[in-house]
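Engineer: Once you've had a glance at the structure underneath, I'll fire off some questions.
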């Protein structure tokens, strides 16, 4: 199954491959930030002093604070690096949950059909039509109280929005695949529904998931930043979050203090761009109508006499 | 139109009928989420001033201490009679909120679409035509970056750029314009034109520039990508090969056949972006203090005003659903394969 | 843009005073709940009402003693009886006469309507609340022997009532226009004040025009005022910095204010304010119930550091439960504790045989009081931890949840904020100290209760001030709460605006009639 999952990556070529690679590199950098944050970041994400010496407030970039400090006395470079961890955790959590719930539901719904299918489709369509940010706002609202402005609240908010997307794609692929001959054959030899779905259909439908996954991840980061801007995101004492830092830095820019807003903003742009490039690059290959028609050199076979018959042997 | 099948009216009928259960589901989801969320408009407003008994009295007055299902059926009853009720925090009929502020969101989104299409379509076509060359890469990266940048960041950058020139950076019109122009259609731009007030019209258009450009930049990334993909797909089409085989010069092939086919799905594209546009509008309105529905939504969210948030979110959802149904119908008229 | 000044959008006669056509624009992030005095309890609404309506008495700018406005005078016969004599010949902006029956009507409807957003709670001394769901004006509470005399008979001795009469909830409305049982729509309100409401677009802007029929002492300096409502401070900051609004009042962050100081096109004008930020102890928790611990925190808190680090020095450290500028105020906490001192705090704890370090949980709410609250909470926690005597941790919850949590004992020490309803020290005492205060922290001191009764029932200002002093000293001793800071009343204005410094006082009443624009 891993081979099927990685097929889109291996099929790329040319510029599409370069785009894919660029996106992967950018994403990898942030993943490294996220995983190795405690070792890479010069300070903790809510650290305001070192060696008994308090950090200055809103200090411009210097040798001690490479990206400067913000108005909460935090070191911006550390907040950016730790922020990568927050983004990655939230995004991974929400995409994973959405996939785990959405893909099986889509598979079952597409395969079983009937009233189950119709109800689920209705429900998912209703959710899908919903402006995703609004749903995220309402969820963050809801979850913020009991869970405190935490990572979990943001992740769950994003999960709810993305389940319909996976559901839809998987379901439509399943619906077209289930009439295929090989499925019919499998039924003929007595395979149970579960086996058909698991062994036969799953591999085929799973191909489009990485594309959606990366595009969703990109979207998730934007939504998280937007939640931070609206004051519904993660509190600074619990985690570093780029959207929150950005929203608190917006006023500063007009006062000539550019570093508090630039770095978190740039981080968001870069990571979202990276993920989108990966998704785009994959899309170029997964979507067959986009593949370039390649003209392969075709060599006509030479005319050679068939020696067998020339020897006068007779075919029976 | 479609002579024999009769399936188009049936398709339309089905889509329209489905709208009702969809809206019902959304209304219920929003209601549940808001009611289950902690807090209510009373504690939001006076929690820091009044003692618990006074707070309880006020909640009782507003019916907020009734059991959930009672409140739900009250609400459903009202929705069916199109009575969305009043906001709790400032006693405005919610219909009024939609009526007074809907126009601003409408002109904002239309203006943004104009920018997005004017920038996105040509760029998308160029990128598709010159696939895998430098312009293609630059344009695609531009599209991705404008989509990736947080809209409030872009908005702020534009404001900082423009502020020194004295260009208005917030709101839909100057206070005098708003004072002098009578609300007839409740769409300020239209009202200015209808009353023949040229300076006011120019004032309103001037105020539209920055917010529409900001939201438009966000959307044009999507258009660039989609137009490019559509163009590539049509360029792969057999009819293009056939045209080439017949010896038609390349540029006619592109212009007459491929471009046109690439643009046909644009209506669909626009329709699908409504949800994204609504979300973008909320953030843009907050950034520019634009008096649209998105801004009101944010304000009522802060005040934990259930009625208002329910009503406005439902309105957003209904708009999105209606637009997507319209888009599906148009799609079905153009592409017969869609009607099931 | 000065085409035809034919206003639209309802409200009064729609015109304005004749004059040079001067105008200015004020931007604010406050919201308006209702223009009807019976339907609001918030800054944004009260501010409009102070300019549209008259009250019986007013607090003059920068002063503390009520002066006559619609009334010539209001005086106490005894702590339960207050008599006011109206100015003769007053009219509303629509020509209707203003008499004592309008005054009685105004109070009666305010109490009867009992709007969930309203402020009828302030009129407790004339309310019959025997049926809590159906309050009404207590019978005989307001007597109108003739068209220019109003006599209030209070149901308990209450010498703060005259101050309540200065608030917007006591505005005088026209009984021929306002309904007795419900609120009047916002764009139809009329009053007898210096301005009338020419246009109101909810959530966007309000337009005030000088009232041609106004007879009072506050003659407006400007003919027309545009009030613009902002949803977010960022565009407001942009607008004032670039001159698109003439005045910005409430609420810009400390960073914004400090950066505007260096903007040569505007003035940042700071007046005395009465906003109050304070940390409340939950006396029902293990930590909160121990007096020595509370006193130790009061000994350790470094208010200057908090003001500097969390608020960029834009707030004043507060050393008493009552803010400076209120008659009878004294810095009891400074007298008792002096400067922050770890050794003195340790001594307090040792004397009570309390083991250190003490685990203490601080609580704050991240958005309701502004984004700097988290900075203040972190700073206080740091100060406690650095002393070595405490192990402080910080928890937060959004406003709604926060209110439930702190009442349930989730925090030992939690932060709250307060604005006064009217300018009297009692407004900082009764709501906090009597029977646990509105936040129900469990503090109950019979001595304080009887002192509160004493000051409420005394008409002698010197006696009241002495009693206030005693109460503040007890608070510094018992430490049911720790005062943190008092805010300033700040406005940012273009260099050509006049009169602003005058109106920035602890009442937070923005008196539009004082404001003018040169040139």
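Just so you know, all these numbers are worked out from the coordinates, no wet-lab data involved. All of these numbers come straight from a predicted model, not from anything done at the bench. We place every Cβ from the backbone using ideal geometry, glycine too, and count neighbours over all the protein chains shown.
Engineer: Just from the alpha-carbon atoms, what are the Rg and Dmax of the range A:18-85 in angstroms?
Structural biologist: 13.9, 48
Engineer: Using bins 10 angstrom wide from zero, how does P(r) for the range C:431-519 break down, in % of all Cα pairs?
Structural biologist: All Cα pairs considered, the percentages come to 14, 29, 24, 19, 13, 2.
Engineer: Given 0.36 nm per residue, what is the gain on full extension from residue C:336 to residue C:289 after removing their alpha carbon distance, in nm? All intermediate terms of the calculation are to be shown ahead of the outcome.
Structural biologist: Values: separation 47, 0.36 × 47 = 16.92 nm, distance 2.01 nm.
Between residue C:336 and residue C:289, full extension yields 14.9 nm more.
Engineer: Quick one: compute the contact order of the range C:16-73, relative version, from alpha carbon pairs under 8 angstrom and 6+ residues apart, as a percent.
Structural biologist: Details: 50 pairs, mean separation 11.1, N = 58.
Reported as a whole number, the value is 19 percent.
Engineer: For residue A:185 and residue A:66, compute 0.36 nm times the residue count separating them, minus their Cα-Cα distance, and round to one decimal in nm.
Structural biologist: 36.4 nm
Engineer: Could I ask something else about it? I'd like the distance between the alpha-carbon centres of the range A:62-131 and the range A:187-248, rounded to an integer number of Å.
Structural biologist: So the two Cα centres are separated by 5 Å.
Engineer: Averaged across orientations, what area in nm² does the convex hull of the alpha carbons in the range B:160-230 project?
Structural biologist: Working: hull surface 26.2 nm².
For the range B:160-230, averaging the hull's shadow over all directions gives 6.6 nm².
Engineer: Taking 7 Å along the Cα-to-C-beta vector as the label spot, tell me the residue C:213-residue B:71 distance in nanometres, rounded to one decimal.
Structural biologist: Rounded to a tenth, the inter-label distance reads 4.4 nm.
Engineer: Assuming a viscosity of 0.692 mPa s and a temperature of 37 °C, what translational diffusion coefficient in µm² per second does Stokes-Einstein assign to the range C:37-89, Rh being the Kirkwood radius over Cα pairs?
Structural biologist: Working: Rh = 12.6 Å.
The estimated diffusion coefficient comes to 261 µm²/s.
Engineer: P(r) for the range C:331-410: what percent of alpha-carbon pairs falls in each 5 Å bin, starting at zero?
Structural biologist: Answer for the range C:331-410: a P(r) of 3, 13, 18, 18, 19, 16, 10, 2 percent.
Engineer: With r defined as the distance between the Cβ atoms of residue C:181 and residue A:18 and R0 fixed at 56 Å, what FRET efficiency is calculated, to the nearest 0.05? Before the final figure, lay out each step's value.
Structural biologist: Numbers: r = 74 Å, r/R0 = 1.32.
The formula returns an efficiency of 0.15 here.
Engineer: Relative to the first principal axis of the alpha-carbon coordinates of chain B, what is the inclination of helix B:94-129, with its axis defined by its Cα atoms, in degrees from 0 to 90 and to the nearest 10?
Structural biologist: Approximately 20 degrees, to the nearest ten.
Engineer: On to the next question. Of all the C-alpha pairs in the range C:218-301, what % are more than 15 Å from each other?
Structural biologist: Details: 2474 of 3486 pairs.
Of all Cα-Cα pairs in the range C:218-301, 71 percent lie more than 15 Å apart.
Engineer: When you have a sec, figure out the Kirkwood radius of chain B from all distinct Cα pair distances and drop it here in Å to one decimal? Walk me through the numbers on the way to the answer.
Structural biologist: Values: mean 1/r = 0.0432 Å⁻¹.
When all Cα pairs of chain B are included, the Kirkwood radius is 23.1 Å.
Engineer: On the principal axes of its Cα set, how long, how wide and how thick is chain C? Give whole Å, largest value first.
Structural biologist: Computed over chain C, the largest-to-smallest principal extents equal 74, 56, 38 Å.
Engineer: Under a point spin-label approximation (7 Å from Cα along Cα-to-Cβ), what is the residue C:101-residue A:115 distance to one decimal in nm?
Structural biologist: With each label point 7 Å from Cα toward Cβ, the separation is 6.9 nm.
Engineer: Something else about it: Using only alpha-carbon positions, what ratio does the radius of gyration of the range C:191-335 give when scaled by 2.2 N^0.38 Å?
Structural biologist: Working: Rg = 21.4 Å, N = 145, 2.2 N^0.38 = 14.6 Å.
Here the answer is 1.47, to two decimals.
Engineer: At q = 0.13 Å⁻¹, what is the log10 ratio I(q)/I(0) for the range B:51-203, with the Debye formula run over Cα points and no solvent?
Structural biologist: Values returned for q = 0.13 Å⁻¹ are -0.93.
Engineer: So for the range C:393-482, Kirkwood radius off the Cα pairs, Stokes-Einstein at 25 °C and 0.890 mPa s: how many µm² s⁻¹? Walk me through the numbers on the way to the answer.
Structural biologist: Working: Rh = 14.4 Å.
Estimated via Stokes-Einstein, D reaches 170 µm²/s.
Engineer: Another one. Could you pull out which residues in the range C:35-77 have an amide N less than 19 Å from a spot 7 Å beyond the Cα of residue C:463, following the Cα-Cβ vector?
Structural biologist: Counting backbone N atoms under 19 Å from the label point, the list is C:75-77.
Engineer: Counting only Cα, what are the radius of gyration and maximum Cα-Cα distance Dmax of the range C:265-419, in Å?
Structural biologist: 16.0, 59
Engineer: Next question. Rank the residues C:485, C:399 as a footprinting-exposure proxy: fewest other Cβ atoms within 10 Å of their Cβ go first.
Structural biologist: Final ranking by Cβ density, sparse to dense: C:399, C:485.
Engineer: Describe numerically, in nm with one decimal, the distance between label points set 7 Å from Cα along Cα→Cβ at residue C:408 and at residue C:393.
Structural biologist: Label at residue C:408, label at residue C:393, 1.7 nm between them.
Engineer: Suppose R0 equals 35 Å. What FRET efficiency, 1/(1 + (r/R0)^6) with r the Cβ-Cβ distance, do residue A:39 and residue C:350 give to the nearest 0.05?
Structural biologist: E between residue A:39 and residue C:350, to the nearest 0.05, is 0.25.
Engineer: Give the order of B:207, C:353 when sorted by the count of other beta carbons within 10 angstrom, beginning with the fewest.
Structural biologist: On the way: B:207 24, C:353 7.
Arranged by neighbour count, lowest to highest, B:207, C:353 become C:353, B:207.
Engineer: Of C:511, B:228, how do they rank once you tally other Cβ atoms within 10 Å and put the fewest first?
Structural biologist: On the way: C:511 22, B:228 25.
Listing C:511, B:228 from fewest to most nearby Cβ atoms yields C:511, B:228.
Engineer: Moving on to the next point. First obtain the Kirkwood hydrodynamic radius of the range B:97-145 from its Cα pairs, then insert it into the Stokes-Einstein equation at 10 °C and 1.306 mPa s, and state the resulting D in µm² per second as a whole number. All intermediate terms of the calculation are to be shown ahead of the outcome.
Structural biologist: Working: Rh = 12.5 Å.
D, rounded to a whole number, is 127 µm²/s.
Engineer: Pulled fully out, how much extra length does the chain show between residue B:96 and residue B:12, if you take 0.36 nm times their separation in residues and subtract their Cα-Cα distance? Could you put the intermediate results ahead of the total?
Structural biologist: Working: separation 84, 0.36 × 84 = 30.24 nm, distance 3.13 nm.
That pair, residue B:96 and residue B:12, stretches by 27.1 nm at full extension.
Engineer: Right, another one. Working from the pairwise distances between different alpha carbons, so that the mean of 1/r is found and then inverted, what is the range B:119-211's Kirkwood radius in Å?
Structural biologist: Values: mean 1/r = 0.0626 Å⁻¹.
The answer is 16.0 Å.
Engineer: Sticking with this one: Could you let me know the centre-to-centre spacing of the range C:469-519 and the range C:421-458, using Cα atoms, in angstrom?
Structural biologist: Answer, in whole Å: 22.
Engineer: So, R0 is 56 Å and r is the distance between the beta-carbons of residue A:192 and residue A:50; what FRET efficiency does that work out to, to 0.05?
Structural biologist: Details: r = 63 Å, r/R0 = 1.12.
In this case the efficiency is close to 0.35.
Engineer: Computed over the Cα atoms of the protein assembly as shown, what is the ratio Rg over Rh, Rh following Kirkwood? Please report the intermediate quantities before stating the final value.
Structural biologist: Numbers: Rg = 33.7 Å, Rh = 33.0 Å.
Radius of gyration over Kirkwood radius for the protein assembly as shown works out to 1.02.
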